[in-house]
1. Could you list, ordered by first residue, the pairs with Cβ atoms under 7 Å in which the first is in region 274-288 and in a loop (DSSP other than H, G, I, E, B) and the second is near ligand 1 (Cβ under 10 Å from one of its atoms), at least 6 apart or interchain?
2. Is region 129-140 home to any residue that is within 16 Å of ligand 2 (Cβ to nearest atom), outside any loop (DSSP other than H, G, I, E, B) and either closer than 24 Å to ARG204 by Cβ or outside the structural domain of GLN224 (by TED's automatic domain parsing) (or both)?
3. Suppose the filter is away from ligand 2 (no atom under 16 Å from the Cβ), surrounded by fewer than 14 Cβ atoms within 10 Å (Cβ to Cβ) and not in a loop (DSSP other than H, G, I, E, B); does ARG338 pass it?
4. Is it the case that region 218-230 has a residue that's surrounded by 15 or more Cβ atoms within 10 Å (Cβ to Cβ), in contact with a His (Cβ under 8 Å, 6 or more places away or on another chain) and free of Cβ contacts under 8 Å to residues at least 60 places away in the same chain?
5. Hey, among the residues in region 147-183 that are of a type in the set (A, V, I, L, M, F, W, C) and within 13 Å of ligand 2 (Cβ to nearest atom), which one's farthest from GLU312 (Cα to Cα)?
6. Go through region 238-273 residue by residue and tally those that are charged (D, E, K, R) and free of Cβ contacts under 8 Å to residues at least 24 places away in the same chain.
7. Looking at this structure, is LYS155 at pLDDT 95 or above, within 10 Å of ligand 1 (Cβ to nearest atom), crowded, with 23+ Cβ neighbours inside 10 Å and basic (Lys, Arg)?
8. Just one of (1) among the hydrophobic types (A, V, I, L, M, F, W, C); (2) at pLDDT 90 or above; (3) under 30 Å from GLU53 (Cα atoms); (4) in a helix (DSSP H, G or I) trips up LEU105, so point out which.
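The values are calculated or read from the model by the stated rules, or taken from the named source; none is laboratory data. Predicted model, so just to flag it, every value in this text is computed and none were measured. Glycine gets a Cβ as well: all are built from the backbone with ideal geometry, and neighbour counts include every protein chain shown.
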Amino acid sequence: MSRQIDQLWSSILENIKKEVNGNSYATWFKTIKPAKIDGATLTIQVPSQFFYEWLETHYSDVLNRAIMYELGPSAKLLYSVIIDSSIQSMQLPSMKKTAPKAKALSNINERFTFDSFVEGDCNKFAKAASMTVAKSPGGTTFNPLLVYGGVGLGKTHLIQAIGNLALLQGLVNRVMYVDSERFTMDFIDSIQKNKTTEFSSQYRTVDLLIVDDIQFFSNKERTQDEFFHTFNALHNKGKQIVLSSDRPPKELNGIEERLISRFQWGLVVDIQSPDLETRQAILQKKAEENGLELPVEIFQFIAANITSNIRELEGALIRLLAYASLNGEDITLDLAKRLLKDVCLPQMRAISIEFIQKTAADYFGFPDDMMRAKTRKKEIAQARQIAMYLCKKLTDNSLKTIGLHFGGRDHTTVIHALTTVEHMLKNDAKVQDQVDAIKNKIEIAQL
Ligand code: ADP
Ligand code: MG
């Protein structure tokens, strides 16, 4: 029995793995334990109420789909939630409503909507174009619409939002979302099973076809040929095609010229990396969507330190939430710093001496050239020592280099500053506060 359920669960996990990214998989699914199987009802054990809610809001589709795949259409999911880390547990149902057939067909994640998509300068144009298409699929010159941009910048979210809105408004009956790899695999499969006619008609009878990550069509000649004909069939009938790619069409190597030219028939729009304000707005939105109120410094800190892409940004917030929930800790700036250290450290190292000098001078309220000036006025001398101390702690510079930046002072002056500040930190609460405050400012403001 227990082997059976473990087997079942690992098959389910295999399915889930294909649908969610690695980070989410590790955070949310690895912690689940299969508890009981009773007919077609599977009970899974999750570590807290928070996990239950998170899984239900974000992954109930994925979970239910994977479970139905293994146990058939009558499959049911129950959660058993561990309370206060005792064995005692609470049973909760999956709230999943059975989705209407048309939606189930479309493969679209209902979470990806325009409402949940935060607009910034980086994606304004792409979003406007997408909304235009969603409100009039096949009815504009934006056919195909091709959205391109780097990884984790919101392409999949945006192109699925088109499908969601068009369905919601009843403008289309059949929507098909597929990524190019899935399209390729299904096509190969249909060749092997002698079912290419079925394959073709499945794609050529939709009202809206969304194909994600078309760069993976590269060098797959037969698949490209099939897709070429699919494209033509739909376009001729005035059906909408939406595509995404990680680069502009011209740079798609290994893709036939006739396809590349078609990709440019309609509108090509890009998504850029988000700026600081947009990153912070996205985090706040994500927290809000999950009913979480966090101190604004936390958003600032994450947004300032995770600049690569939105998926990473989201991942950082999720890691923080999951950790706090599992360990019963409050979410504080300190916890955020501790937890995100690995991710943030490389950027923190890049803090410059000039930046520290400026931040400290601002904090104490005098011009930053005082950091380099000869004056020995007590307040200024102490601020200068604190700045030297922070330069040693937050940068990789040598004592000699630090001294040079502080008006050509000797390394022994820097050593003296370090011991003085360390002594004050042990004995003077005011200095502790000052140092903490400046450090926070540096870490937050840093890009
Ligand atoms: P891509 O397909 O470009 O790699 P995704 O669409 O998968 O990126 O986006 C990664 C994650 O970031 C998703 O969870 C998505 O919801 C989120 N995301 C991206 N852009 C935005 C945005 N502008 N507003 C809100 N969430 C976003
Ligand atoms: Mg994507």
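1. PRO274/GLY120; PRO274/CYS122; PRO274/ILE282; PRO274/ILE310; ASP275/GLY120; ASP275/CYS122
2. As a first pass, look at region 129-140 and keep what is within 16 Å of ligand 2 (Cβ to nearest atom): 130.
When the remaining residues are screened for being outside any loop (DSSP other than H, G, I, E, B), the result is 130.
Okay, now just the ones that are also either closer than 24 Å to ARG204 by Cβ or outside the structural domain of GLN224 (by TED's automatic domain parsing) (or both), so 130.
Looking for residues that are within 16 Å of ligand 2 (Cβ to nearest atom), outside any loop (DSSP other than H, G, I, E, B) and either closer than 24 Å to ARG204 by Cβ or outside the structural domain of GLN224 (by TED's automatic domain parsing) (or both), one finds at least one in region 129-140, hence yes.
3. Values: away from ligand 2 (no atom under 16 Å from the Cβ): yes; surrounded by fewer than 14 Cβ atoms within 10 Å (Cβ to Cβ): yes; not in a loop (DSSP other than H, G, I, E, B): yes.
Answer is yes for this residue.
4. No, region 218-230 contains no residue that is surrounded by 15 or more Cβ atoms within 10 Å (Cβ to Cβ), in contact with a His (Cβ under 8 Å, 6 or more places away or on another chain) and free of Cβ contacts under 8 Å to residues at least 60 places away in the same chain.
5. Let us first name the residues in region 147-183 that are of a type in the set (A, V, I, L, M, F, W, C), namely 147, 151, 153, 158-159, 161-162, 165-168, 171-172, 175-176, 178, 183.
Subset that is within 13 Å of ligand 2 (Cβ to nearest atom): 147, 151, 153, 158-159, 161, 178.
On the way: VAL147: 20, VAL151: 10, LEU153: 10, LEU158: 17, ILE159: 20, ALA161: 20, VAL178: 23 Å.
Ranking the candidates gives VAL178 first.
6. Keep residues of region 238-273 that are charged (D, E, K, R), which gives 239, 246-247, 250-251, 256-258, 262, 270.
In the following step, the residues that additionally are free of Cβ contacts under 8 Å to residues at least 24 places away in the same chain were identified as 250-251, 257.
Total meeting the criteria: 3.
7. On the way: at pLDDT 95 or above: yes; within 10 Å of ligand 1 (Cβ to nearest atom): yes; crowded, with 23+ Cβ neighbours inside 10 Å: yes; basic (Lys, Arg): yes.
Considered against the rule, which asks whether it is at pLDDT 95 or above, within 10 Å of ligand 1 (Cβ to nearest atom), crowded, with 23+ Cβ neighbours inside 10 Å and basic (Lys, Arg), LYS155 comes out as yes.
8. (2)
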